[in-house]
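Nothing in this text is a laboratory measurement; each read-out follows from the coordinates by a stated rule. As the structure is a prediction and not an experimental result, all values here were calculated from the model. A quick note on method: Cβ atoms are made from the backbone with ideal geometry, for glycine too, and the neighbour counts reach across all protein chains shown.
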Amino acid sequence: MLLAKARTLLAVHFAYMMEYRAEIFFWILGGLVPFFFMAAWSEAARQGYTLYSPLEYARYFFAVFVARQLAIVWANWTFSDWVRTGKLSFYLLQPLDPMWRLLADHVGERGVRLPVLVVIGGVFAALFPGALVWPGWGALALGLAASTLAFLLSFFVAYSVGLLAFWLEDATEIFELWYVLVLFFSGMLAPLSLYPEAVQRVLLWTPFPHLVYLPAALWSGLEPADARGFAVLFVWTLVFFAVSRLLWRLGRGRYSAMGA
Amino acid sequence: MAAPAVLAEQLSKTFRVAEKEPGFAGTLRHFVRRRYRRIEAVRGVSFEIAPGEVVGFLGPNGAGKTTTLKMLTGLIQPSSGRARVLGRDPYRREAGLLRELTLVMGNKQQLIWDLPVLDSLRVNAAVYEIPWAEAQHRTAELAEMLGVAEVLRQPVRKLSLGERMKAELLASLLHRPRVLFLDEPTLGLDVNAQLAVRRFLKAYRERYGATLLLTSHYMADIEALAERVIVIHEGRLLYDGPLGGLVERFAPFKEVRLMLARPAAAAAFARFGEVEEAGGLRVRLLVEKDRLTGVVAELLANFELRDLSVDEPPLEEVIGRVFAKGAV
């Protein structure tokens with residue numbers, strides 16, 4: 001029964017997201033930020049200032065781009081909207097935790113996003129011949145596992161922020177703070193090996209570097225993939241899952257079903 | 001006596017609402033020191049509804065009807081008092097109970113806007129753990145009763161308001177709930193669609209022995225479906241009893257309609273009762289029941305009439321008076 005529920009939810013949410021395929025395409029284009037950093041670092045490499053060659057930077061930042069795309073979430077926005085508009089009421093009436101619906105919404109969207117990523121990968125390979133190399137099945141699978149954990153952690157953080165809508169009128173923008181931390185400490189701006197060692201040591205216990213850097217390091221094969229990253233991601237995912245459950249339990253009593 | 005399907009016991013709900021003055025200064029004050037007001041939306045409302053009963057839930061806007069329904073369906077937590085549906089606390093959201101109840105909100109939609117109705121029904125079937133073959137059978141049955149079989153493959157956004165409301169009903173009833181809470185189910189629908197929804201609800205209730213608690217601003221809905229009404233005003237229960245009793249209790253008058261042979265001034269009828277309509281050939285009076293015989297005899301003696309009819313006043317008028325009085 002659980003599988004049937006999951007299958008139906010995913011199929012319908014995939015169909016729903018297909019209706020917004022054009023929007024998703026432009027959303028992906030809006031996520032090309034890593035390529036700007038790639039251009040800057042490649043130029044520095046050409047002038048001989050950095051560790052890697054321009055092609056290696058291209059490989060790294062493409063992996064960063066894919067890792068980022070697979071971890072994109074909007075649960076903060078959607079849940080906040082459900083609370084504000086009273087749409088949550090319908091989901092409360094049904095024998096299914098609304099969180100699962102939200103999760104299905106994200107996973108269904110990945111089904112639309114993935115083919116576009118493949119096309120972008122093709123274009124990238126044509127523009128930068130030799131930049132993309134096959135990482136091997138093991139690294140690919142490990143990178144996907146890291147990326148899945150990164151997605152789940154991002155999801156529970158965003159969902160927890162969305163749940164704050166039970167207390168605040170609009171909590172969605174709090175998630176921007178998370179995004180800033182991800183931008184600086186995830187390896188999106190630069191490979192982490194270029195950061196001061198003391199900073200690296202501290203960062204590796206936070207979830208930020210593992211969100212993007214861990215899968216990117218595994219896929220690009222350039223940076224040392226820290227196995228402890230899996231444990232760190234897993235523990236932080238559990239922490240934010242627990243936070244979201246607690247916020248749900250405390251917040252529900254404050255729900256006024258406005259507009260419903 | 002069977003256990004009640006719905007029980008409200010001293011049910012109360014108080015909301016704390018932030019208040020803000022308009023303008024720049026008001027915004028600054030609101031930012032520095034927020035002021036709140038407590039709104040007692042529902043105050044100690046108690047009633048029981050037996051299994052299979054259909055009850056009309058009446059009250060003006062802001063009376064607390066919807067808040068009561070939200071507490072009875074477990075959407076919000078009562079500030080005090082007890083809500084029970086089929087003996088269970090709806091706020092706990094036990095799956096077993098959620099499979100037995102539904103809430104239809106005429107001003108809200110659960111259907112997925114950009115997808116065909118059938119996709120929403122597929123989700124509901126999965127969520128309520130109804131095998132798809134069974135769900136298809138139920139869909140066909142309900143769609144036939146509602147007359148919407150043709151539109152199930154169309155995106156929801158392409159449906160007319162009436163079609164959408166019927167599809168909403170279908171989605172809300174796919175799991176065959178035993179207890180239905182209906183909040184303005186015919187809101188905004190044209191007369192034909194209202195009639196169709198009423199007929200459907202009546203048929204559903206007869207077929208499945210369901211319990212219905214229904215709010216509506218259209219008295220025709222209440223008259224067609226409910227034998228008992230509960231009236232609340234400013235969060236307090238005003239009346240709970242048979243529909244006929246409401247008229248008896250709050251309308252100690254009859255409506256007298258006249259069709260005159262020649263126009264007469266409104267002032268000529270003032271001594272007979274409350275003049276609701278006059279000035280032309282048509283006259284409508286509300287006459288106290290005790291005086292009715294004498295008034296009719298006098299009207300016949302003093303005016304040349306083409307027609308005269310005596311009836312109960314329209315329910316809308318009775319309800320309007322109840323709300324205007326605000327007390328029993």
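Here is how the numbers come out for the structure above:
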item: B:R199/A:T206 FRET efficiency (R0 51 Å; Cβ-Cβ; nearest 0.05); result: 0.25
item: Estimated FRET transfer efficiency (B:E48, A:L2; beta-carbon r; R0 35 Å; 0.05); result: 0.40
item: Theoretical FRET efficiency, 1/(1+(r/R0)^6), r = Cβ-Cβ of A:L29 and A:F184, R0 22 Å, to 0.05; result: 0.45
item: Inter-chain shielding of B:127-137 (mean C-beta neighbours from other protein chains, 10 Å cut-off); result: 2
item: Value of [θ]222 nm, deg cm²/dmol, for chain A, DSSP H segments ≥ 4, -39500 (n - 2.57) each, nearest 500; result: -23500 deg cm²/dmol
item: Among B:112-119, B:47-54, A:167-174, the order from most to least packed when residues are scored by Cβ within 10 Å on average; result: B:112-119, B:47-54, A:167-174
item: Convex hull projection area averaged over all views, region B:177-282, Cα basis, nm²; result: 9.9 nm²
item: Averaged over A:83-95, number of beta-carbon atoms from partner chains that fall within 10 Å; result: 6
item: Euclidean distance of C-alpha centroids, region A:106-141 and region B:2-30, integer Å; result: 51 Å
item: Where a label projected 7 Å from the Cα of A:M258 along Cα→Cβ would reach, residues of region A:81-98 with amide N under 16 Å; result: A:81-89
item: Peptide B:87-96 - average C-beta neighbours from other chains (10 Å radius); result: 2
item: Cα→Cβ-extended label distance, 7 Å offset, between B:A265 and B:E40, nm; result: 4.9 nm
item: Helix-only mean residue ellipticity at 222 nm for chain B, each DSSP H run of n ≥ 4 adding -39500 (n - 2.57), per residue, nearest 500; result: -10500 deg cm²/dmol
item: Virtual spin-label span in nm between B:K289 and B:E129, 7 Å along Cα→Cβ; result: 5.3 nm
item: DSSP-assigned coil residues among trypsin sites (Lys or Arg not before Pro) in region A:160-260, each with at most 14 further Cβ atoms within 10 Å; result: A:R254
item: Near-label residues of region B:91-119 by backbone N, under 18 Å of a point 7 Å along Cα→Cβ of A:A22; result: B:114-115
item: In degrees, nearest ten, helix B:191-208 long axis to first principal axis of chain B (Cα); result: 60 degrees
item: Ranking of B:T67, A:T85 by count of other Cβ atoms within 10 Å, fewest first; result: A:T85, B:T67
item: Helix runs (DSSP H) in chain A reaching 30 Å along axis by Cα, Kyte-Doolittle at least -1.0; result: A:98-127, A:137-163, A:228-252
item: Label-to-label distance, nm, for residues given as B:E227 and B:R321 (7 Å Cα→Cβ offset); result: 2.6 nm
item: Bins of 5 Å, starting at 0 and running to the largest distance - Cα pair percent for region B:1-137; result: 2, 8, 13, 15, 15, 13, 12, 9, 6, 4, 2, 1, 0
